[in-house]
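Asks: I have a structure here, written as structure tokens, and I will follow up with some questions on it.
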Amino acid sequence: VQAFQTHIDELINYDYDVATYTGTMRNIAKARIQGVEAGVSREMGAWSMSVNATLQQPKSQSGATNDKLLARRPKAQLKADIDRSIGRGSVGASLQAVGKRYEDASNTQRLSGYSTVDLRAQYPLAKHLSVAVKLGNVLDKHYETALGYNQPGRHGLISLTYSPQ
């Protein structure tokens, strides 16, 4: 568990104006981010698990946005992973959850929170060659990390890795 507090002077922040569909870079004279992070991991036989969570208060401390949340910064985030070794290979899953946040410094344009689930598998084909498969956003969740920046729906990736060691 870690507690943190960060004071920032002259934070350059992108501020999106929903009314005009334009954005500009703005200076926030003072900001403070304080919170707590906690993580735990455990291995039990062929299983490996980890959970990490962050709770924070990312706030402006100046001007018209005083005491408002900083744009695009959630108050809560969670990441959980579980993996299992099967023979020479492994399979696993990840859950990521991100809380609501705001697109703009005045906290008028809310971005919804979201959660995604990813699946993965890996298998060595030879001494220096392995294949991996990843299915991302398995539940096909629609979400944006910033207004207008839709993230991929369900998608897959197959990769071959050569590591001469």
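The values are calculated or read from the model by the stated rules, or taken from the named source; none is laboratory data. Only a predicted model underlies this, so the values are computations on that prediction, with no experimental measurement involved. Note that we place each Cβ from the backbone using ideal geometry, even for glycine, and neighbour counts take in every protein chain shown. Quick note on the areas: whole protein, heavy atoms, side chains included, nothing else; ligands and nucleic acids left out. Shrake-Rupley method; radii C 1.70, N 1.55, O 1.52, S 1.80 Å.
Asks: Within the range 44-99, which residues are part of a loop (DSSP other than H, G, I, E, B) and touching a Gly at 6+ places or on another chain (Cβ under 7 Å)? First the steps, then the outcome.
Replies: Here is the first cut: in the range 44-99, the residues part of a loop (DSSP other than H, G, I, E, B) are 45-46, 61-62, 66-68, 70-75, 87-88, 99.
Within the range 44-99, 74, 75, 99 meet the criteria.
Asks: Between 71, 121, which is at pLDDT 95 or above, open to solvent by less than 60 Å² (accessible area, probe 1.4 Å) and of a type in the set (A, V, I, L, M)?
Replies: Working: 71 fails: at pLDDT 95 or above.
121 is the lone residue from the list that is at pLDDT 95 or above, open to solvent by less than 60 Å² (accessible area, probe 1.4 Å) and of a type in the set (A, V, I, L, M).
Asks: Every residue in the range 1-23 that is open to solvent by less than 60 Å² (accessible area, probe 1.4 Å), β-branched (Val, Ile, Thr) and within 15 Å of residue 104 (Cβ to Cβ), please.
Replies: Kept after step one, since they are open to solvent by less than 60 Å² (accessible area, probe 1.4 Å), are these residues of the range 1-23: 4, 8, 11, 13, 15-16, 18, 23.
From what is left, the residues that are β-branched (Val, Ile, Thr) are 8, 18.
Hit for the range 1-23 is 18, nothing else.
Asks: Inspect the range 143-151 for any residue being without any contact (Cβ under 8 Å) to a residue 12 or more places away in the chain, open to solvent by 70 Å² or more (accessible area, probe 1.4 Å) and among the hydroxyl-bearing types (Ser, Thr, Tyr) and give the result as yes or no. Break it down into steps so the answer makes sense when it comes.
Replies: Of the range 143-151, the ones without any contact (Cβ under 8 Å) to a residue 12 or more places away in the chain are 148-150.
When the remaining residues are screened for being open to solvent by 70 Å² or more (accessible area, probe 1.4 Å), the result is 149-150.
Still in the list and also among the hydroxyl-bearing types (Ser, Thr, Tyr): 149.
So far as the range 143-151 goes, yes, one or more of its residues are without any contact (Cβ under 8 Å) to a residue 12 or more places away in the chain, open to solvent by 70 Å² or more (accessible area, probe 1.4 Å) and among the hydroxyl-bearing types (Ser, Thr, Tyr).
Asks: Identify the residue in the range 84-106 that is open to solvent by 30 Å² or more (accessible area, probe 1.4 Å) and in contact (Cβ under 8 Å) with a residue 40 or more places away in the chain and, among all such residues, is farthest from residue 62 (Cα to Cα).
Replies: That would be 86.
Asks: A further question on this structure: Restrict the check to the range 132-141 and report whether at least one residue is under 29 Å from residue 19 (Cβ atoms), open to solvent by 40 Å² or more (accessible area, probe 1.4 Å) and touching a residue at least 40 places away in the same chain (Cβ under 8 Å).
Replies: Kept after step one, since they are under 29 Å from residue 19 (Cβ atoms), are these residues of the range 132-141: 141.
If we keep only those that are open to solvent by 40 Å² or more (accessible area, probe 1.4 Å) too, we end up with 141.
Among the residues that remain, those that are also touching a residue at least 40 places away in the same chain (Cβ under 8 Å) are: none.
Scanning the range 132-141 turns up no residue that is under 29 Å from residue 19 (Cβ atoms), open to solvent by 40 Å² or more (accessible area, probe 1.4 Å) and touching a residue at least 40 places away in the same chain (Cβ under 8 Å).
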